[in-house]
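For reference, the structure is listed below as structure tokens.
Bear in mind these aren't lab numbers, they're just calculated from the coordinates by the rules spelled out. The structure displayed is predicted, hence computed values, not measured ones. Cβ placement follows ideal geometry from the backbone for every residue including glycine, while neighbour counts extend to all protein chains displayed.
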């Protein structure tokens, strides 16, 4: 250590001040060897608190600071490693490539933060919860320590074998698409942050799985029974919270059956301002604005939805002085699905399972377990069979394609066509 540096070090060791300025801290670290500059100040070596290894930050022609660990506790080794990292980073910069090679787990953790932030702010989709689960349970455990630029087709093949063994079942195509999308989001996030070049070839996960089947629908007899059963069931509940949850679930189900909207993002994020009246040929209809998987759209609710909306209004005493028409006209931003205390339910999945068990309708005649998506399937079935709705109109109402409806309901449409052809 040079003589001047030794003097400075002794000075700082003997000087104690309650609070040191950033400049004083910088000089102290420099004098005591906790801060080391290299390459004309373009590289700085330093140590973090509670870490013995030397970290480095360096600046390239882009004038941005980049940070990485040298992996060494010995200063001389750390200097050599820092020089190698800096030289490679400059070479990569000249080629137009990202200067640092990030590991998969770093990009995956950043992706999780983005997804959770969107969920917390009410702009995330329900599927984001599944993406986070896939990252935590599958993608990070397998790919975590691999560098993004080193992942190749062999890794993908090994991952798919590892996943199949871990899951011990054949994956449905929808499950494989969830894994595919979660994996792609990690690389998209890395590209956005400058950790990976958008020109770098990314090997993709496979998406061919078992063919998806629609959720089991309810028959007309089962729906009629369920709606009668819910009137009594919704009056129960061991606690006030459970009682309010039952009331809200009943309303939620009846709206799903009156609209065919998607359970989850579409239904859950409806606000009072998204309701309005629509009059056509002197008949008034309730129109609802929803936004979800396929973007925003207006849909028309069946008339039986109106009493449900009236029930929702009556739970809030602050609106007692308003008629339903006035409330809809005022375009309030409160969410439709709220308890009397203003809190929103996290979801309806748990209470729905209890309803299905209590009503004896959990399983269909084929032994398939019903979910809240079963009401969307039931709506589509009733629309085609009972309500004589055209398939093009139904596709617009449900925010899907005619091809998708024909794929899932081909037997129904074939039967209807046969009836029309036979007269």
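Using C-alpha positions alone, give me the convex hull volume of region 267-401 per residue in cubic angstrom. Working shown, then result.
Working: hull volume 20.2 nm³, N = 135.
Per residue, the Cα convex hull of region 267-401 comes to 150 Å³.
When the Kirkwood radius is taken over all Cα pairs of region 307-346, what Stokes-Einstein diffusion coefficient follows at 25 °C and 0.890 mPa s, in µm²/s? It would help to have the intermediate numbers written out before the result.
Details: Rh = 10.7 Å.
Diffusion coefficient, whole number: 230 µm²/s.
Pop a pseudo-label 7 angstrom from the Cα along the beta-carbon direction at both residue 197 and residue 317 and give the gap in nm to one decimal. Placing both labels 7 Å along Cα→Cβ, they lie 6.8 nm apart.
Two decimals is fine: what's Rg over Rh for region 187-317, C-alpha atoms, Kirkwood radius as Rh? Before the final figure, lay out each step's value.
Details: Rg = 21.0 Å, Rh = 18.6 Å.
Using only Cα positions, Rg/Rh for region 187-317 is 1.13.
Using the average count of surrounding beta-carbon atoms within 10 Å as a protection proxy, the listed peptides 254-262, 377-385 rank, highest first, as 254-262, 377-385. Structural size metrics of region 104-192, computed from C-alpha coordinates, are Rg and Dmax of 13.0, 38 Å.
Listed highest first by mean packing, meaning other Cβ atoms within 10 Å per residue, what order do 359-367, 270-278 come in?
Top to bottom by mean Cβ count within 10 Å: 270-278, 359-367.
Between residue 67 and residue 289, full extension at 0.36 nm per residue minus the direct alpha carbon distance yields a gain of 75.3 nm.
Calculated from the alpha-carbon coordinates, region 101-144 shows an Rg and a Dmax of 10.8, 33 Å respectively. Relative to one another, the C-alpha centroids of region 137-203 and region 304-368 are positioned 39 Å apart. Taking region 349-363 and a reference point 7 angstrom along Cα→Cβ of residue 229, the backbone N atoms nearer than 14 Å belong to 352-363. Normalised by 2.2 N^0.38 Å, where N counts its residues, the alpha-carbon radius of gyration of region 239-286 equals 1.44.
Here the alpha carbons of region 119-268 define both size measures, Rg and Dmax, at 21.2, 61 Å. Note on residue 333/residue 59: beta-carbon distance plugged into 1/(1 + (r/R0)^6) with R0 of 60 Å gives a FRET efficiency of 0.80.
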